[in-house]
Structures are given as structure tokens and as C-alpha cells.
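J.: The structure's right below; bear with me while I get my questions together.
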Amino acid sequence: MGLIFHKRFFHTLGLVVALFVSCDDASYELDNEFDPENLGLEPPTIFFHFPSGKVNSDGIAEIDSKVNDIDIVELYAYGIDSVAGAHLQIEFDAEVIGIETIEPGGFFKNGDNSPLVFITDEEDGYLNIYLFFKPSPTNVSASGTSSMATVTFTSNDEGSTPIRYTEQTIFKDVNNIEIILNTKGEGSINATQ
């Protein structure tokens, strides 16, 4: 009886020690200049991320591109809760860049269900992307921080173009109520020969 008690005691003690040691909070270093906190953004908000770009001293995401180069920009959501749909309107200089393709990101993905995506042609330097979360019996909205879409573009001519989310950009919850965002991130594309 004493041997069984000691075995159970040491097994229980070992389990308690293992749980206690493994429950430490993780600590992360924000060493990526595109981390939202490093861009000076407060959630809920949206921002631009150029995988091959940088962040300038004003906290604006930017990329240096050559004329005829193809590059990408990711459209990110940061700390947004309970989103059922969004209209992203992005302003840019259509003489400097041209839009090639738009692919949905993971933010509006619900398991195996890809989001509904509608895109209107960029007209006069405005790109309109409509994203809708496909609900399931257990999940009716998107929340968190993730890429909403990836936009592939070509630099058509020399110049610099700011890219920004316009006031037409809007997020709605499942009750069709607007989700208010804080200041939106900005971007810049600098094309040279």
C-alpha cells in the first residue's frame, strides 16, 4: 500500500510541476518593422504590408520597385472583432501602378470555406474589394489579425504613389452595424527605371 501511495504521489507531483512550468506566458520581441505596434497603430485598424518592403521614418509601409516589376502588397486587418463583411476601397495613382490580381487572405476564411470576394475594376485610381465571411453553424464572423487579401501589381511608370484606404472603406458585423476603425495605415510605392 505504501509503495502505491508513493508512486501516485510522485506522479501527481510531477504532473503539477510540469503544468506549472509549462504555463509561463510567452514573451515576444516585436522585431519585424511591419508589426502593427511598430507602425504606431492601435486596434482595430487596417494596414498595408509589403513582404519585400520597409517602413519609413514616418511609419508608412513602402516599397521601391522598378518599372515593369511585379510586386505584391498584403491588406491586413489588425485586432478587428466580429466582422461579417468589408468593402475595401484603395486609392492609388493608376499611371504609376496597375493591378494584376487579387487573392483573398486568411482573415475571412472559415475552415474550408473561402470568403465571397467581389472586385470592381480599378477606375480612376480606385480599387474596390468586397469580402464576405461565409458563416457556418458554429462561426458567423471573422476576428483577429491576418491578411484580408493579397494584391499583385505592376509598376507601369516612374513615380511615387501613395496608397491609402479611403473613407469608403467599411467593416460590418453580422447585424450590419459598422465596426469603427482607428487610424488606418498608409503605404507608398516608389517606381524607378
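J.: Do we have Ile163 as assigned to a strand (DSSP E or B), under 30 Å from Asp58 (Cβ atoms), modelled with pLDDT under 95 and among the aliphatic types (A, V, I, L, M) here? Talk me through it step by step, then tell me what you get.
T.: Working: assigned to a strand (DSSP E or B): yes; under 30 Å from Asp58 (Cβ atoms): yes; modelled with pLDDT under 95: no; among the aliphatic types (A, V, I, L, M): yes.
No: the conditions fail for Ile163.
J.: Let me spell it out: the conditions are (1) at pLDDT below 95; (2) more than 22 Å from Thr192 (Cβ to Cβ), and Glu74 meets all of them except one. Which number is the exception?
T.: (1)
J.: Residues that are under 19 Å from Glu178 (Cα atoms), touching a helix residue (DSSP H, G or I) at 6+ places or on another chain (Cβ under 8 Å) and open to solvent by less than 60 Å² (accessible area, probe 1.4 Å): find the strands (runs of 3 or more DSSP E) completely inside the stretch 47-139 holding 2 or more of those.
T.: Working: elements: 61-66, 70-83, 85-91, 97-104, 116-123, 126-132.
Output list reads 70-83.
J.: Okay, next question. Out of Ile180, Ile163, which single residue is aliphatic (A, V, I, L, M) and surrounded by 15 or more Cβ atoms within 10 Å (Cβ to Cβ)?
T.: Numbers: Ile180 fails: surrounded by 15 or more Cβ atoms within 10 Å (Cβ to Cβ).
From the options Ile180, Ile163, the qualifying one is Ile163.
J.: Would you mind stating whether Ala191 is open to solvent by less than 40 Å² (accessible area, probe 1.4 Å), modelled with pLDDT of 95 or more, among the small types (Gly, Ala, Ser) and more than 16 Å from the chain's Cα centre (by Cα)? Full working, then the answer.
T.: Numbers: open to solvent by less than 40 Å² (accessible area, probe 1.4 Å): yes; modelled with pLDDT of 95 or more: yes; among the small types (Gly, Ala, Ser): yes; more than 16 Å from the chain's Cα centre (by Cα): yes.
Yes, satisfied.
The values are calculated or read from the model by the stated rules, or taken from the named source; none is laboratory data. As the structure is a computational prediction, the values presented were derived from the model and not from experiment. Glycine gets a Cβ as well: all are built from the backbone with ideal geometry, and neighbour counts include every protein chain shown. Calculation scope for accessible area: heavy atoms of the full protein, side chains included, ligands and nucleic acids excluded. Shrake-Rupley method; radii C 1.70, N 1.55, O 1.52, S 1.80 Å.
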